[in-house]
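The values are calculated or read from the model by the stated rules, or taken from the named source; none is laboratory data. These figures come from a predicted structure and were not determined experimentally. Cβ coordinates were reconstructed from backbone atoms using ideal geometry, including for glycine residues, and neighbour counts include every protein chain displayed.
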Amino acid sequence: MPYFLAILLSVSLLSGCQSAYYSAMEQVGVHKRDIMVDRVEDANAAQKDAQQQFTSALEGLKALNNFNGGELEAAYNDVNDQYKDSEAAVNKVKDRIAAIEDVADALFDEWNDELALYKSATLKRDSANKLRATKVQYQKMLSAMKRAEQKMEPVLDTLRDNTLYLKHNLNAAAIGSLQGEFNSLQREIQQAIRDMNSAIAESNRFIGHLEK
């Protein structure tokens with residue numbers, strides 16, 4: 001099977017699975033709007049977890065700065081564990097954002113299609129206005145989440161560099177070389193946390209808009 005055709009088929013199957021999922025949920029009274037709220041709340045929780053993990057990673061590097069002898073292998077393992085946990089936390093945030101985008105596309109497509117079913121011009125116009133307002137709020141929230149996600153990458157890059165450097169140079173001199181990374185990582189983490197807090201605030205505003 002040609003590569004492009006295989007990709008197209010996979011996307012079609014995935015889209016079909018998602019459509020079937022949303023249809024099944026609606027059969028039991030759970031609508032796309034409800035799923036959207038749940039997924040936004042899940043993304044908020046994932047961002048809070050990432051904040052905690054980044055803070056732990058910063059504490060780990062701070063402890064490394066204070067290293068004054070001991071088992072170098074243990075120091076490397078601690079940094080490596082923090083990197084792996086941070087990477088998992090970031091991937092979870094990315095997955096949660098992707099899930100929001102998926103249900104948002106389905107929700108807005110359905111809403112737009114159903115505008116044609118109105119007989120009352122007044123009600124149709126009101127619903128169309130609400131759709132536009134909801135899309136605006138959604139884009140503000142999504143942009144905030146994407147900005148926060150982008151700020152997470154430099155943190156992961158620094159942690160990855162530290163981990164690799166320790167792995168390749170398991171000696172006291174390597175510990176000293178990494179001490180200069182602490183201030184940089186601290187700034188990156190502080191910025192990432194600020195952006196995640198902004199994204200969470202936008203998410204809460206969006207949920208409030210949906211629940212009006």
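If you scan the stretch 126-165, which residues turn out to be farther than 16 Å from Ala50 by Cβ and of a type in the set (S, T, N, Q)?
Ser127, Asn129, Thr134, Gln137, Gln139, Ser143, Asn162, Thr163
In the stretch 109-123, which residues are within 21 Å of Lys32 (Cα to Cα) and loosely packed, with under 11 Cβ neighbours inside 10 Å?
Asp113, Ala116, Leu117 - these are the residues of the stretch 109-123 that are within 21 Å of Lys32 (Cα to Cα) and loosely packed, with under 11 Cβ neighbours inside 10 Å.
Assuming Glu41 fulfils every condition listed in (1) within 26 Å of Ser198 (Cα to Cα); (2) surrounded by fewer than 16 Cβ atoms within 10 Å (Cβ to Cβ); (3) over 18 Å from the mean Cα position of the chain (by Cα); (4) touching a residue at least 12 places away in the same chain (Cβ under 8 Å) apart from one, which condition is it?
Answer for Glu41: the failing condition is (3).
What do you reckon, is Glu87 among the acidic types (Asp, Glu) and in contact with a Leu (Cβ under 8 Å, 6 or more places away or on another chain)? First the steps, then the outcome.
Values: among the acidic types (Asp, Glu): yes; in contact with a Leu (Cβ under 8 Å, 6 or more places away or on another chain): yes.
It is true that Glu87 is among the acidic types (Asp, Glu) and in contact with a Leu (Cβ under 8 Å, 6 or more places away or on another chain).
Quickly run through the stretch 195-212 and pick out the residues that are crowded, with 17+ Cβ neighbours inside 10 Å and among the small types (Gly, Ala, Ser).
Selection gives Ala199, Ser203.
Considering Val155, Val136, which residue is among the β-branched types (Val, Ile, Thr) and without any contact (Cβ under 8 Å) to a residue 40 or more places away in the chain? Break it down into steps so the answer makes sense when it comes.
On the way: Val155 fails: without any contact (Cβ under 8 Å) to a residue 40 or more places away in the chain.
Going through Val155, Val136 in turn, the sole match is Val136.
Answer yes or no as to whether Ala98 is modelled with pLDDT of 95 or more, part of a helix (DSSP H, G or I) and closer than 18 Å to Asp109 by Cα.
On the way: modelled with pLDDT of 95 or more: yes; part of a helix (DSSP H, G or I): yes; closer than 18 Å to Asp109 by Cα: yes.
For Ala98, the condition - modelled with pLDDT of 95 or more, part of a helix (DSSP H, G or I) and closer than 18 Å to Asp109 by Cα - is met.
If only one of Leu107, Leu115 is assigned by TED's automatic domain parsing to the domain that holds Ala50, free of Cβ contacts under 8 Å to residues at least 40 places away in the same chain and assigned to a helix (DSSP H, G or I), which one is it?
Details: Leu107 fails: free of Cβ contacts under 8 Å to residues at least 40 places away in the same chain.
Selected residue: Leu115, the only one of Leu107, Leu115 that is assigned by TED's automatic domain parsing to the domain that holds Ala50, free of Cβ contacts under 8 Å to residues at least 40 places away in the same chain and assigned to a helix (DSSP H, G or I).
Residues in the stretch 139-195 that are in contact with a Lys or Arg (Cβ under 6 Å, 6 or more places away or on another chain) and farther than 30 Å from Leu107 by Cα: how many? First the steps, then the outcome.
Keep residues of the stretch 139-195 that are in contact with a Lys or Arg (Cβ under 6 Å, 6 or more places away or on another chain), which gives 191-192, 195.
Next, only the ones that are farther than 30 Å from Leu107 by Cα stay: 191.
Residues in the stretch 139-195 being in contact with a Lys or Arg (Cβ under 6 Å, 6 or more places away or on another chain) and farther than 30 Å from Leu107 by Cα: 1 in total.
What residue, among those in the stretch 156-171 that are surrounded by 14 or more Cβ atoms within 10 Å (Cβ to Cβ) and out of contact with any helix residue (DSSP H, G or I) (no Cβ under 7 Å at 6 or more places or on another chain), is farthest from Ala74 (Cα to Cα)?
Asp161
Considering only the stretch 84-100, how many residues are out of contact with any helix residue (DSSP H, G or I) (no Cβ under 7 Å at 6 or more places or on another chain) and either closer than 24 Å to Val37 by Cβ or not basic (Lys, Arg) (or both)? Spell out how you get there, then give the answer.
As a first pass, look at the stretch 84-100 and keep what is out of contact with any helix residue (DSSP H, G or I) (no Cβ under 7 Å at 6 or more places or on another chain): 84, 88, 91, 95, 98.
Checking the rest, the ones that are also either closer than 24 Å to Val37 by Cβ or not basic (Lys, Arg) (or both) come to 88, 91, 95, 98.
Within the stretch 84-100, residues that are out of contact with any helix residue (DSSP H, G or I) (no Cβ under 7 Å at 6 or more places or on another chain) and either closer than 24 Å to Val37 by Cβ or not basic (Lys, Arg) (or both) number 4.
Does any residue of the stretch 173-181 turn out to be in contact with a helix residue (DSSP H, G or I) (Cβ under 8 Å, 6 or more places away or on another chain), part of a helix (DSSP H, G or I) and exposed (fewer than 15 other Cβ atoms within 10 Å of the Cβ)? Walk me through how you get there before you give the answer.
Restricting attention to the stretch 173-181, the residues satisfying the condition of being in contact with a helix residue (DSSP H, G or I) (Cβ under 8 Å, 6 or more places away or on another chain) are 174-175, 177-179, 181.
Those left that are additionally part of a helix (DSSP H, G or I): 174-175, 177-178, 181.
Filter once more, keeping what is exposed (fewer than 15 other Cβ atoms within 10 Å of the Cβ): 177.
Yes: the stretch 173-181 contains one or more residues that are in contact with a helix residue (DSSP H, G or I) (Cβ under 8 Å, 6 or more places away or on another chain), part of a helix (DSSP H, G or I) and exposed (fewer than 15 other Cβ atoms within 10 Å of the Cβ).
Scan the stretch 118-133 for residues that are of a type in the set (Ser, Thr, Tyr) and in contact (Cβ under 8 Å) with a residue 12 or more places away in the chain and jot them down. Don't jump to the end; show me each part of the working.
Our first condition is that a residue be of a type in the set (Ser, Thr, Tyr); within the stretch 118-133, this holds for 118, 120, 122, 127.
If the condition is that a residue be of a type in the set (Ser, Thr, Tyr) and in contact (Cβ under 8 Å) with a residue 12 or more places away in the chain, then Ser127 is the only one that fits.
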